[in-house]
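Input: a single structure, listed below in C-alpha coordinates.
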Amino acid sequence: MEMWSYNWHDDIGCNLIELSTEKTRILIDCGMTSPPSETKNEASSFEFDGLMCGESVFDAVFITNYHADHLGYIERINPDIPIYMNGYVKNVLDIFADFANTELPRVDKYLEHGRKEQIGDISILPIFSDLKKTGRMMLLIEGDGERYLYTEGFKQIDPAYYAMLGKVDVILCECMHIGCKDDIDIRDLEDEAFRIMNETDGHVFVLCSPTDDERIKLIERACRKSGRSLVIDPLLKTIQEQITTPLFVNPVGIMPPGLEITPRIQKHLNGNYDIDFEGIQVFSDTGAVSKMSNLTFLVRPSMINVMQRLNEQTSLSASTLINLLWEGHGNTESVKTFVDTCRTYGIKVKNLHASNFAYREQLSNAAIKLNAEVLAPPIESRKPLLTQGFSDKLWRKRRDSNPR
(Lines give C-alpha, C1' and ligand atoms only; values in the text may rest on other atoms or scores of the structure.)
Protein backbone atom coordinates (compact mmCIF):
# COMPACT_ATOMS: atom_id res chain seq x y z
CA MET A 1 0.00 0.00 0.00
CA GLU A 2 0.96 3.61 -0.47
CA MET A 3 0.77 6.00 2.50
CA TRP A 4 0.45 9.77 2.17
CA SER A 5 0.14 12.41 4.86
CA TYR A 6 -1.73 15.58 3.95
CA ASN A 7 -0.46 17.59 6.90
CA TRP A 8 0.78 20.56 4.89
CA HIS A 9 1.69 22.63 7.92
CA ASP A 10 3.88 20.03 9.70
CA ASP A 11 1.93 20.90 12.80
CA ILE A 12 -0.38 19.43 15.39
CA GLY A 13 -3.72 18.52 13.94
CA CYS A 14 -4.74 18.13 10.32
CA ASN A 15 -4.91 14.35 10.55
CA LEU A 16 -5.49 13.48 6.90
CA ILE A 17 -3.81 10.20 5.99
CA GLU A 18 -4.36 8.36 2.72
CA LEU A 19 -3.79 4.64 2.26
CA SER A 20 -4.16 3.35 -1.26
CA THR A 21 -3.63 0.47 -3.63
CA GLU A 22 -3.90 0.55 -7.41
CA LYS A 23 -7.66 0.00 -7.08
CA THR A 24 -8.69 1.67 -3.79
CA ARG A 25 -8.09 4.93 -1.94
CA ILE A 26 -9.26 5.52 1.63
CA LEU A 27 -8.71 8.47 3.93
CA ILE A 28 -8.17 8.16 7.67
CA ASP A 29 -9.68 11.24 9.36
CA CYS A 30 -10.26 14.69 7.89
CA GLY A 31 -8.99 17.00 10.60
CA MET A 32 -8.33 20.71 10.73
CA THR A 33 -4.92 22.07 11.56
CA SER A 34 -4.70 23.08 15.21
CA PRO A 35 -5.37 25.71 16.31
CA PRO A 36 -8.60 25.46 14.33
CA SER A 37 -10.04 28.10 12.09
CA GLU A 38 -11.79 30.77 14.11
CA THR A 39 -14.97 30.77 12.13
CA LYS A 40 -16.92 28.29 10.08
CA ASN A 41 -16.48 30.52 7.03
CA GLU A 42 -12.69 30.35 7.32
CA ALA A 43 -12.84 26.58 7.70
CA SER A 44 -15.14 26.37 4.70
CA SER A 45 -12.73 28.34 2.51
CA PHE A 46 -10.28 25.43 2.46
CA GLU A 47 -10.57 23.30 -0.66
CA PHE A 48 -9.27 19.75 -1.14
CA ASP A 49 -9.84 18.61 -4.71
CA GLY A 50 -11.21 15.09 -4.86
CA LEU A 51 -12.45 15.19 -1.25
CA MET A 52 -14.30 18.47 -0.77
CA CYS A 53 -14.81 19.57 -4.35
CA GLY A 54 -14.45 18.28 -7.87
CA GLU A 55 -14.79 14.64 -8.85
CA SER A 56 -14.41 12.38 -5.81
CA VAL A 57 -11.27 10.22 -5.73
CA PHE A 58 -11.68 8.54 -2.34
CA ASP A 59 -13.68 5.36 -1.76
CA ALA A 60 -14.30 6.04 1.94
CA VAL A 61 -13.35 8.25 4.89
CA PHE A 62 -12.85 6.71 8.34
CA ILE A 63 -13.23 8.96 11.41
CA THR A 64 -11.39 7.77 14.53
CA ASN A 65 -12.55 10.29 17.16
CA TYR A 66 -14.62 13.43 17.75
CA HIS A 67 -11.88 16.07 18.06
CA ALA A 68 -11.52 18.79 15.42
CA ASP A 69 -8.04 17.64 14.42
CA HIS A 70 -9.65 14.37 13.30
CA LEU A 71 -12.97 15.50 11.80
CA GLY A 72 -12.95 19.28 11.50
CA TYR A 73 -13.71 19.13 7.78
CA ILE A 74 -16.36 16.41 7.93
CA GLU A 75 -19.08 18.78 6.72
CA ARG A 76 -17.04 19.49 3.58
CA ILE A 77 -16.68 15.89 2.39
CA ASN A 78 -18.30 15.28 -0.99
CA PRO A 79 -21.72 13.64 -0.51
CA ASP A 80 -20.85 10.62 -2.66
CA ILE A 81 -17.90 9.62 -0.43
CA PRO A 82 -19.08 7.26 2.36
CA ILE A 83 -18.22 8.30 5.93
CA TYR A 84 -17.52 5.62 8.55
CA MET A 85 -17.40 6.23 12.31
CA ASN A 86 -18.50 4.49 15.49
CA GLY A 87 -21.70 5.28 17.37
CA TYR A 88 -19.98 6.99 20.29
CA VAL A 89 -18.37 9.56 18.00
CA LYS A 90 -21.64 10.16 16.17
CA ASN A 91 -23.51 10.66 19.45
CA VAL A 92 -21.02 13.29 20.63
CA LEU A 93 -21.29 15.13 17.31
CA ASP A 94 -25.09 15.03 17.54
CA ILE A 95 -24.97 16.57 21.03
CA PHE A 96 -22.83 19.46 19.82
CA ALA A 97 -25.17 19.96 16.85
CA ASP A 98 -28.26 19.91 19.07
CA PHE A 99 -26.87 22.49 21.49
CA ALA A 100 -25.73 24.69 18.58
CA ASN A 101 -28.96 24.08 16.64
CA THR A 102 -27.02 23.07 13.53
CA GLU A 103 -27.44 20.25 11.04
CA LEU A 104 -26.62 16.76 12.29
CA PRO A 105 -23.42 15.30 10.79
CA ARG A 106 -23.64 12.61 8.16
CA VAL A 107 -22.60 9.00 8.75
CA ASP A 108 -23.08 6.26 6.18
CA LYS A 109 -22.01 3.25 8.21
CA TYR A 110 -21.25 2.64 11.88
CA LEU A 111 -18.03 0.93 12.87
CA GLU A 112 -18.04 -1.75 15.54
CA HIS A 113 -15.18 -3.15 17.57
CA GLY A 114 -13.82 -6.30 15.91
CA ARG A 115 -16.08 -6.14 12.83
CA LYS A 116 -14.03 -5.94 9.64
CA GLU A 117 -15.02 -3.57 6.82
CA GLN A 118 -14.03 -4.22 3.22
CA ILE A 119 -13.45 -1.26 0.88
CA GLY A 120 -12.33 -2.54 -2.51
CA ASP A 121 -9.17 -4.56 -1.89
CA ILE A 122 -8.45 -2.86 1.47
CA SER A 123 -9.83 -4.30 4.72
CA ILE A 124 -10.21 -2.25 7.91
CA LEU A 125 -10.60 -3.78 11.39
CA PRO A 126 -11.74 -1.25 14.06
CA ILE A 127 -10.34 -1.84 17.55
CA PHE A 128 -11.43 0.33 20.44
CA SER A 129 -8.35 1.88 22.03
CA ASP A 130 -9.67 1.52 25.58
CA LEU A 131 -12.53 0.02 27.53
CA LYS A 132 -14.22 3.36 28.31
CA LYS A 133 -17.00 4.85 26.21
CA THR A 134 -14.65 7.33 24.59
CA GLY A 135 -15.17 5.90 21.12
CA ARG A 136 -11.50 6.29 20.23
CA MET A 137 -10.28 3.60 17.89
CA MET A 138 -7.26 2.01 16.37
CA LEU A 139 -7.60 0.71 12.82
CA LEU A 140 -5.84 -2.40 11.51
CA ILE A 141 -5.66 -1.88 7.76
CA GLU A 142 -4.66 -4.59 5.28
CA GLY A 143 -3.94 -4.28 1.57
CA ASP A 144 -1.37 -5.43 -0.99
CA GLY A 145 -0.19 -8.05 1.49
CA GLU A 146 0.77 -5.40 4.09
CA ARG A 147 -0.70 -4.63 7.52
CA TYR A 148 -0.85 -1.06 8.84
CA LEU A 149 -1.94 -0.14 12.37
CA TYR A 150 -3.25 3.40 12.81
CA THR A 151 -3.10 4.07 16.55
CA GLU A 152 -4.90 7.44 16.63
CA GLY A 153 -3.85 9.26 19.85
CA PHE A 154 -1.64 6.43 21.02
CA LYS A 155 -1.02 6.01 24.74
CA GLN A 156 -0.51 2.30 25.03
CA ILE A 157 -1.84 -0.86 23.48
CA ASP A 158 -3.63 -3.16 25.88
CA PRO A 159 -1.64 -6.44 26.01
CA ALA A 160 -4.87 -8.30 25.29
CA TYR A 161 -4.82 -6.80 21.79
CA TYR A 162 -1.42 -8.14 20.73
CA ALA A 163 -2.82 -11.58 19.91
CA MET A 164 -5.59 -9.95 17.86
CA LEU A 165 -3.16 -7.72 15.99
CA GLY A 166 -0.43 -10.24 15.21
CA LYS A 167 2.47 -8.96 13.14
CA VAL A 168 2.14 -5.39 11.87
CA ASP A 169 4.33 -4.01 9.10
CA VAL A 170 3.75 -0.30 9.73
CA ILE A 171 2.57 1.67 12.77
CA LEU A 172 0.98 5.01 11.89
CA CYS A 173 0.74 7.19 14.97
CA GLU A 174 -0.62 10.63 15.69
CA CYS A 175 1.88 11.31 18.50
CA MET A 176 1.00 14.97 18.66
CA HIS A 177 3.20 15.85 21.60
CA ILE A 178 6.23 13.73 20.85
CA GLY A 179 9.22 15.98 21.40
CA CYS A 180 7.10 18.89 22.64
CA LYS A 181 7.97 20.41 25.99
CA ASP A 182 4.93 20.25 28.24
CA ASP A 183 4.61 22.06 31.53
CA ILE A 184 3.78 18.88 33.41
CA ASP A 185 3.11 15.21 32.86
CA ILE A 186 -0.59 14.38 32.96
CA ARG A 187 0.13 12.05 35.88
CA ASP A 188 1.01 15.15 37.92
CA LEU A 189 -2.01 17.21 36.86
CA GLU A 190 -4.26 16.21 39.74
CA ASP A 191 -1.65 17.11 42.38
CA GLU A 192 -0.82 20.43 40.74
CA ALA A 193 -4.50 21.36 40.38
CA PHE A 194 -5.07 20.41 44.03
CA ARG A 195 -2.20 22.69 45.06
CA ILE A 196 -3.61 25.64 43.10
CA MET A 197 -7.10 25.09 44.51
CA ASN A 198 -5.74 25.07 48.06
CA GLU A 199 -3.79 28.27 47.45
CA THR A 200 -6.75 30.11 45.89
CA ASP A 201 -9.10 31.99 48.21
CA GLY A 202 -11.70 32.73 45.53
CA HIS A 203 -13.21 30.63 42.78
CA VAL A 204 -11.14 28.44 40.47
CA PHE A 205 -12.04 28.36 36.77
CA VAL A 206 -10.74 25.52 34.61
CA LEU A 207 -10.56 26.21 30.87
CA CYS A 208 -10.87 22.90 29.03
CA SER A 209 -12.67 21.01 26.30
CA PRO A 210 -15.97 19.37 27.32
CA THR A 211 -14.77 16.18 25.59
CA ASP A 212 -11.56 15.95 27.61
CA ASP A 213 -12.78 13.25 29.97
CA GLU A 214 -9.37 12.26 31.30
CA ARG A 215 -8.35 15.73 32.46
CA ILE A 216 -11.86 16.51 33.74
CA LYS A 217 -11.73 13.40 35.93
CA LEU A 218 -8.42 14.57 37.42
CA ILE A 219 -9.86 18.03 38.09
CA GLU A 220 -12.95 16.52 39.71
CA ARG A 221 -10.77 14.44 42.04
CA ALA A 222 -8.69 17.50 42.93
CA CYS A 223 -11.94 19.33 43.75
CA ARG A 224 -13.06 16.64 46.15
CA LYS A 225 -9.66 16.52 47.85
CA SER A 226 -9.69 20.31 48.30
CA GLY A 227 -13.28 20.44 49.58
CA ARG A 228 -14.53 22.41 46.57
CA SER A 229 -17.76 21.90 44.64
CA LEU A 230 -17.54 21.45 40.88
CA VAL A 231 -19.74 23.70 38.71
CA ILE A 232 -20.89 22.24 35.38
CA ASP A 233 -23.32 23.26 32.64
CA PRO A 234 -25.79 21.20 30.56
CA LEU A 235 -23.51 20.69 27.54
CA LEU A 236 -20.55 19.46 29.56
CA LYS A 237 -22.73 17.13 31.63
CA THR A 238 -24.36 15.69 28.53
CA ILE A 239 -21.04 15.16 26.71
CA GLN A 240 -19.37 13.55 29.70
CA GLU A 241 -22.26 11.16 30.28
CA GLN A 242 -21.94 10.06 26.66
CA ILE A 243 -18.20 9.39 26.59
CA THR A 244 -17.40 8.06 30.04
CA THR A 245 -18.84 6.59 33.20
CA PRO A 246 -20.46 9.05 35.66
CA LEU A 247 -17.76 11.02 37.43
CA PHE A 248 -19.40 14.01 39.10
CA VAL A 249 -20.02 13.81 42.85
CA ASN A 250 -22.50 16.39 44.18
CA PRO A 251 -21.73 19.03 41.55
CA VAL A 252 -23.43 22.40 41.18
CA GLY A 253 -25.28 23.01 37.91
CA ILE A 254 -25.27 26.43 36.28
CA MET A 255 -27.35 27.69 33.37
CA PRO A 256 -25.21 29.89 31.10
CA PRO A 257 -26.94 33.23 30.45
CA GLY A 258 -28.89 33.20 27.21
CA LEU A 259 -29.01 29.41 26.83
CA GLU A 260 -32.47 28.38 25.70
CA ILE A 261 -33.46 24.80 26.45
CA THR A 262 -34.86 23.90 23.04
CA PRO A 263 -36.55 20.56 22.31
CA ARG A 264 -33.28 19.37 20.75
CA ILE A 265 -31.44 20.10 24.01
CA GLN A 266 -34.26 18.93 26.24
CA LYS A 267 -34.09 15.38 24.90
CA HIS A 268 -30.59 15.06 26.35
CA LEU A 269 -31.67 16.15 29.83
CA ASN A 270 -33.64 14.02 32.24
CA GLY A 271 -36.49 16.15 33.50
CA ASN A 272 -36.47 19.94 33.57
CA TYR A 273 -32.94 21.27 33.94
CA ASP A 274 -34.10 24.28 35.96
CA ILE A 275 -36.07 22.19 38.45
CA ASP A 276 -34.50 18.74 38.65
CA PHE A 277 -31.09 18.21 37.11
CA GLU A 278 -30.89 14.60 38.35
CA GLY A 279 -30.54 15.75 41.95
CA ILE A 280 -27.98 18.44 41.13
CA GLN A 281 -28.48 21.84 42.68
CA VAL A 282 -29.01 24.16 39.72
CA PHE A 283 -28.91 27.93 39.54
CA SER A 284 -30.28 29.76 36.53
CA ASP A 285 -29.20 33.00 38.19
CA THR A 286 -25.41 33.32 38.45
CA GLY A 287 -25.99 35.71 41.35
CA ALA A 288 -26.89 32.78 43.60
CA VAL A 289 -23.75 30.93 42.57
CA SER A 290 -21.59 34.00 43.08
CA LYS A 291 -22.52 34.03 46.77
CA MET A 292 -21.17 30.51 47.25
CA SER A 293 -17.54 29.85 48.13
CA ASN A 294 -14.99 27.18 47.25
CA LEU A 295 -16.32 26.58 43.74
CA THR A 296 -14.45 25.25 40.73
CA PHE A 297 -16.06 26.06 37.36
CA LEU A 298 -15.40 23.99 34.24
CA VAL A 299 -15.51 26.58 31.44
CA ARG A 300 -14.77 27.00 27.75
CA PRO A 301 -14.26 30.15 25.63
CA SER A 302 -17.94 30.34 24.62
CA MET A 303 -18.86 30.77 28.30
CA ILE A 304 -17.37 34.26 28.51
CA ASN A 305 -20.88 35.54 29.32
CA VAL A 306 -20.76 33.49 32.54
CA MET A 307 -17.54 35.24 33.52
CA GLN A 308 -19.00 38.65 32.70
CA ARG A 309 -22.14 37.99 34.75
CA LEU A 310 -20.19 36.69 37.74
CA ASN A 311 -17.88 39.69 37.65
CA GLU A 312 -20.90 42.01 37.75
CA GLN A 313 -22.16 40.28 40.89
CA THR A 314 -19.00 39.68 42.89
CA SER A 315 -15.27 40.39 42.86
CA LEU A 316 -13.21 37.75 41.08
CA SER A 317 -9.85 39.26 41.99
CA ALA A 318 -9.02 36.40 44.38
CA SER A 319 -9.82 33.77 41.74
CA THR A 320 -7.57 31.67 39.53
CA LEU A 321 -7.99 30.41 35.96
CA ILE A 322 -6.33 27.06 35.22
CA ASN A 323 -5.81 26.86 31.47
CA LEU A 324 -5.62 23.20 30.40
CA LEU A 325 -5.67 23.93 26.65
CA TRP A 326 -2.66 23.29 24.46
CA GLU A 327 -0.66 26.50 24.06
CA GLY A 328 -1.30 26.61 20.33
CA HIS A 329 -4.98 27.22 20.98
CA GLY A 330 -3.98 30.39 22.80
CA ASN A 331 -3.48 31.91 19.35
CA THR A 332 -7.17 31.67 18.53
CA GLU A 333 -9.20 34.82 19.03
CA SER A 334 -11.82 33.15 21.23
CA VAL A 335 -9.26 31.79 23.71
CA LYS A 336 -7.25 35.01 23.77
CA THR A 337 -10.40 37.03 24.43
CA PHE A 338 -11.49 34.70 27.23
CA VAL A 339 -8.09 34.71 28.96
CA ASP A 340 -7.61 38.46 28.53
CA THR A 341 -11.09 39.09 29.95
CA CYS A 342 -10.24 36.99 33.00
CA ARG A 343 -7.08 39.02 33.52
CA THR A 344 -9.03 42.30 33.39
CA TYR A 345 -11.17 40.94 36.24
CA GLY A 346 -8.03 40.40 38.30
CA ILE A 347 -8.08 36.62 37.87
CA LYS A 348 -4.65 34.97 38.02
CA VAL A 349 -3.96 32.71 35.04
CA LYS A 350 -2.07 29.43 35.39
CA ASN A 351 -1.21 27.49 32.24
CA LEU A 352 -1.34 23.82 33.11
CA HIS A 353 -1.36 21.96 29.82
CA ALA A 354 -0.23 18.37 30.25
CA SER A 355 0.47 15.79 27.58
CA ASN A 356 -1.22 12.40 27.81
CA PHE A 357 0.18 11.09 24.56
CA ALA A 358 2.85 8.48 24.07
CA TYR A 359 6.56 8.96 24.26
CA ARG A 360 9.05 7.31 21.99
CA GLU A 361 9.85 4.49 24.42
CA GLN A 362 6.22 3.39 24.57
CA LEU A 363 5.87 3.42 20.80
CA SER A 364 9.17 1.61 20.29
CA ASN A 365 8.14 -1.12 22.72
CA ALA A 366 4.84 -1.56 20.89
CA ALA A 367 6.63 -1.69 17.55
CA ILE A 368 8.98 -4.37 18.84
CA LYS A 369 6.12 -6.49 20.21
CA LEU A 370 4.25 -6.19 16.91
CA ASN A 371 7.40 -6.84 14.84
CA ALA A 372 6.80 -3.57 12.98
CA GLU A 373 9.48 -2.43 10.56
CA VAL A 374 8.18 1.11 10.06
CA LEU A 375 7.11 3.67 12.65
CA ALA A 376 5.61 6.67 10.85
CA PRO A 377 4.07 9.75 12.46
CA PRO A 378 1.99 11.94 10.12
CA ILE A 379 3.83 15.05 11.34
CA GLU A 380 7.15 15.31 9.50
CA SER A 381 8.81 17.53 12.10
CA ARG A 382 8.35 14.73 14.67
CA LYS A 383 9.77 12.00 12.44
CA PRO A 384 13.40 12.04 13.64
CA LEU A 385 12.22 11.60 17.22
CA LEU A 386 10.37 8.43 16.39
CA THR A 387 11.92 6.55 13.51
CA GLN A 388 15.40 5.97 14.91
CA GLY A 389 16.05 2.26 14.53
CA PHE A 390 13.12 1.83 12.15
CA SER A 391 12.83 2.11 8.39
CA ASP A 392 11.19 5.25 7.05
CA LYS A 393 10.94 3.96 3.48
CA LEU A 394 7.18 4.61 3.40
CA TRP A 395 7.43 8.14 4.70
CA ARG A 396 5.91 10.39 2.06
CA LYS A 397 4.03 13.64 1.89
CA ARG A 398 1.82 14.72 -0.96
CA ARG A 399 1.38 18.45 -1.40
CA ASP A 400 0.19 18.65 -4.98
CA SER A 401 -3.46 18.20 -3.97
CA ASN A 402 -3.35 21.29 -1.78
CA PRO A 403 -4.52 24.21 -3.94
CA ARG A 404 -3.07 26.66 -1.47
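The values are calculated or read from the model by the stated rules, or taken from the named source; none is laboratory data. Since the model is a prediction, treat every value here as computed from it, not as a measurement. Cβ: placed from backbone, ideal geometry, glycine included. Neighbour counts: every protein chain shown.
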**Request:** Could you list, in sequence order, all residues of the range 110-126 that are over 16 Å from TYR148 (Cα atoms) and among the basic types (Lys, Arg)?
**Result:** ARG115
**the range 63-86, residues that are at pLDDT below 90 and over 17 Å from the mean Cα position of the chain (by Cα)** = none
**Message:** I'd like to check something: does the range 145-161 contain any residue that is in contact with a strand residue (DSSP E or B) (Cβ under 8 Å, 6 or more places away or on another chain), within 30 Å of THR262 (Cα to Cα) and either at pLDDT 80 or above or surrounded by 14 or more Cβ atoms within 10 Å (Cβ to Cβ) (or both)?
**Reply:** no
**Request:** Kindly provide the set of residues from the range 335-365 that are in contact with a Cys (Cβ under 9 Å, 6 or more places away or on another chain) and at pLDDT 70 or above, ordered by number.
**Result:** LYS348, VAL349
**Hits in the range 172-208 - residues which are modelled with pLDDT under 90 and either polar (S, T, N, Q) or in a loop (DSSP other than H, G, I, E, B) (or both)** = CYS173, GLU174, CYS175, MET176, HIS177, ILE178, GLY179, CYS180, LYS181, ASP182, ASP183
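Here's the yes/no breakdown for (1) touching an Asp or Glu at 6+ places or on another chain (Cβ under 6 Å); (2) loosely packed, with under 14 Cβ neighbours inside 10 Å; (3) modelled with pLDDT under 75:
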position	(1), (2), (3)
GLN242	no, no, no
VAL249	no, yes, yes
ALA288	no, no, yes
MET292	no, no, no
**Request:** Scan the range 220-237 and report the pairs whose first residue is buried (at least 18 other Cβ atoms within 10 Å of the Cβ) and small (Gly, Ala, Ser) and whose second residue is in a helix (DSSP H, G or I) and modelled with pLDDT under 90, with Cβ atoms within less than 9 Å and a gap of 6+ or a chain change.
**Result:** ALA222/LEU189
**Complete:** For the range 106-130 the number of residues that are part of a loop (DSSP other than H, G, I, E, B) and surrounded by fewer than 19 Cβ atoms within 10 Å (Cβ to Cβ) is 10
**Message:** Of all residues being assigned to a loop (DSSP other than H, G, I, E, B) and buried (at least 17 other Cβ atoms within 10 Å of the Cβ) in the range 134-144, which is modelled with the lowest pLDDT? Just the residue, please.
**Reply:** THR134
**Prompt:** Which of the residues spanning the range 213-240 are within 15 Å of PHE297 (Cβ to Cβ) and not in a helix (DSSP H, G or I)?
**Reply:** ARG228, SER229, LEU230, VAL231, ILE232, ASP233
**Prompt:** If we keep just the residues of the range 325-334 that are more than 17 Å from the chain's Cα centre (by Cα) and surrounded by fewer than 16 Cβ atoms within 10 Å (Cβ to Cβ), which is modelled with the lowest pLDDT?
**Reply:** ASN331
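Search the range 113-128 for residues being within 30 Å of ARG264 (Cβ to Cβ) and touching a Gly at 6+ places or on another chain (Cβ under 8 Å), and hand back the single one that is modelled with the lowest pLDDT.
Within the range 113-128, the first condition is being within 30 Å of ARG264 (Cβ to Cβ), and the residues that meet it are 113, 126, 128.
Now restrict to residues that are touching a Gly at 6+ places or on another chain (Cβ under 8 Å): 126, 128.
Working: PRO126: 92, PHE128: 82.
Residue satisfying both the conditions and the ranking: PHE128.
Listed here are the residues, each with its yes/no results for (1) assigned to a loop (DSSP other than H, G, I, E, B); (2) closer than 22 Å to ASN331 by Cβ; (3) at pLDDT 90 or above; (4) outside the structural domain of ASP121 (by TED's automatic domain parsing).
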position: ASP10; (1), (2), (3), (4): yes, yes, no, no
position: ASN15; (1), (2), (3), (4): yes, yes, no, no
position: LEU27; (1), (2), (3), (4): no, no, yes, no
position: PRO35; (1), (2), (3), (4): yes, yes, no, no
position: GLU42; (1), (2), (3), (4): no, yes, no, no
position: VAL61; (1), (2), (3), (4): no, no, yes, no
